[in-house]
Every structure is written in C-alpha cells, then in structure tokens.
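The block underneath contains the structure these notes are about, expressed in structure tokens.
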Amino acid sequence: MYKYNGLSENLISVFGEKVYKLSLDGGMTCPNRDGTLSYGGCIFCSDGGSGEFAEPFCDDIGLQIERAKEKVKFKAKSKYIAYFQNFSNTYGEPRFLKKIFTAAISHPDVVALSIATRPDCLGTEVLNVLKDLNKIKPLYVELGLQTIHDKTAKFINRGYDLVVYLKAVEELKKIGINVVTHLILGLPGETEQMILESVRLVGQLTDGIKLQNLQVLKGTELERLYNSGQVKVLDKEEYLDLLCKCIKILPPNVVIHRLTGDPPKKILVAPQWCANKKDTLNSIRRAFSLQNVVQGDDSDDEFRL
Ligand code: SF4
C-alpha cells in the first residue's frame, strides 16, 4: 500500500476545515514574455499566462476576492487561499507586490496566500516582502520548474537553468516559506527515467508538488510543433501509469497539490482526454486503486477539489 499526502486532507489538518482557492489576477506579466528573456515564453504557455481561471484584473484585490467567492459560493465555505496563478507573480516592484499581497491576506476570510512565480523572479527585496507576509499568514510559493533537465528546459524555452531553481528553494526555505513545485509529465524528448529523476529530486526539496500531463493549447509554439508532428502527447493510460510511478517514489511528507491539469476546453488542442477534469480524476482514482495507492487517511477528498 502506497499512501500519499493529498492537499485537501493536508489543508484540513493545517486550518481545521476545508479551504478553497480563489484565483486572483495581480496584473503581472513575465520576463519570458515581455522581451526581458524572450517574447515567446515557455512553448506551452497560453495568452493567459497559464492561469485562465483567474478573476479579471482590477486594482481592488478585495473586490476580486468577493467576486471569486461568488463563483465558489456553492461550496459555501468561509476559509480561502488567495491564489495568484497567472504569469509570474513576483515579477514587479517590491512596493507594488507588498500592496496587492497585503490587501489579499488582510481579507478576513483568507487564511493563506499562494503565489505562482519563476525562481528567477525572487531577488532579495522580493524575498523580504515575502518573509514579512509569511509572518502575517502562511505563504505558499509555487515554482514552475516542469523538469530538472536543462536540455528539455532549453527546448521548452523556460529561460533559466536548474541551479536557479535550487537556489530559490534554498532561499525560500531559509525564510520559512512553503515551496510547491510544478512538474509536467511527457515533455518533448523526455523518457520515463528522466521524468522519474525530476520527481525524485524535487521530492527531496519541495514541500508540495503539482503534477500534470503536457497539454497543447491554442496559439502556442507547442501547438505549431504538435501540428507539424514534431511533438507527441501522452495518452491517458500512459499518463496514469506514469503518475502512479511518480506518486510511489515521492516521500510521504510531500503534499500532492495536483494530479492533473484543468485546461480551458475552448483552447485545448490535445490531448482531448484531459478536457473533462472530473472524468480524469475518476480514472486516476481507479488507476490508484489498482496500484494500491491511497491518500493518507483513505479519503478521496483530493478528487473533489
Ligand atoms: S514562466 Fe509561466 S508565465 Fe512565463 S512564459 Fe513560462 S509558463 Fe508562461
């Protein structure tokens, strides 16, 4: 029996009840999109900066929170994580970052802050802002690593090497911040062994992990490569098999934040099997059951997130 540490269960143990994420927009861009590093961005990155479900940007973060709460009203819960997902959310003036993030964590229903960013957007001043925020409410910083292999990183135009990620993790841990790392399974040219090497190394460093298959979205460089036959995507069985292998080698303390992506259907090119998140999660549950993989308390909360 392989037990894994699901996010839902973990949040209940930390906050005493179910906690939901509110996707917010900090109005950021990304050095890999604005010409600082490149204009194209990572080859899989969509126009929305890999965060299509966020509230539209408006200066008033409190208002964004109220609007986002309306959307999850059916879940009728009072505790939330303010989640800044799209683009690189520490790519800005430290004073501006402090202002918007403080506005988010000051909301009485927000119990924690989650910030997705690049490891090369964590300079000293930014780290100081994050350190102060973390003293007010818990802070999760999500790093979009995708792979530990620099050859693949170059191919996907990630724009930084592994060593940058390693340093960022060290700095964040030094100031007590919870680090979550995002990996994509099935990147071009990666073998199963390479994928498991990424999972193994990240598992030793990170507090939490997000796993998903490679998804081709409209308007991306990846779409061009896919349409010209230069890139393939995993079929469902291949992904489920890989996912089980990844879960089995992760240390039990690493919290699993994501088992599949949630691509916006209208811009998903391939694979179409992941268009329906609920269906994919049910398939994952069946695959886990066949492979004796269960969540820590045998609950299936992760699948209802
Ligand atoms: S770092 Fe994130 S926002 Fe920037 S190009 Fe890559 S996926 Fe897009």
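FYI, it's all coordinate maths here, none of it is from the lab. Note that this is a predicted model, so its numbers are computed, not measured. For neighbour counting, all protein chains shown are included, and Cβ atoms are generated from backbone atoms with ideal geometry for every residue, glycine included.
Brief remarks on what is shown
- Kirkwood hydrodynamic radius of the stretch 2-295, from inverse mean 1/r over distinct Cα pairs, in Å: 19.5
- Only helices enter this figure: runs of n ≥ 4 DSSP H residues, each worth -39500 (n - 2.57), summed and divided by the residues of the chain, yield -11500 deg cm²/dmol at 222 nm to the nearest 500.
- Each label point was placed 7 Å from the Cα along the Cα-to-Cβ direction; for Arg224 and Thr124 their separation is 4.0 nm.
- Ascending count of other beta-carbon atoms within 10 Å, so fewest first, for Tyr83, Tyr39: Tyr39, Tyr83
- Remark: spin-label model distance Glu238-Asn253 equals 3.5 nm, labels positioned 7 Å along the Cα→Cβ axis.
- Least to most buried among Lys69, Lys218 (fewest other Cβ within 10 Å first): Lys218, Lys69
- Proximal lysines relative to Lys3, as straight alpha-carbon distance under 20 Å, when same-chain residues fewer than 8 apart are discounted: Lys210, Lys245, Lys248
- Proximal aspartates and glutamates relative to Lys131, as straight alpha-carbon distance under 19 Å, when same-chain residues fewer than 8 apart are discounted: Glu93, Asp120, Glu142, Glu170, Glu171, Asp207
- In terms of its C-alpha gyration tensor, the stretch 122-180 has a prolate overall shape, because the principal axis ratio a/c (a ≥ b ≥ c, square roots of the eigenvalues) is not below 1.5 and a/b outweighs b/c.
- The chain: Cys lacking any partner C-beta under 4.7 angstrom: Cys30, Cys58, Cys121, Cys244, Cys246, Cys274
- Eligible lysines near Lys151 by straight Cα distance, threshold 16 Å, same-chain separation 8 or greater: none
- For the listed residue pairs Lys18/Lys98; Lys21/Lys277; Lys21/Lys167; Lys236/Lys278, the alpha carbons are over 25 angstrom apart in Lys18/Lys98; Lys21/Lys167.
- Cβ-based exposure ranking for Ser88, Ser289, Ser46, in which fewest neighbours within 10 Å come first: Ser289, Ser46, Ser88
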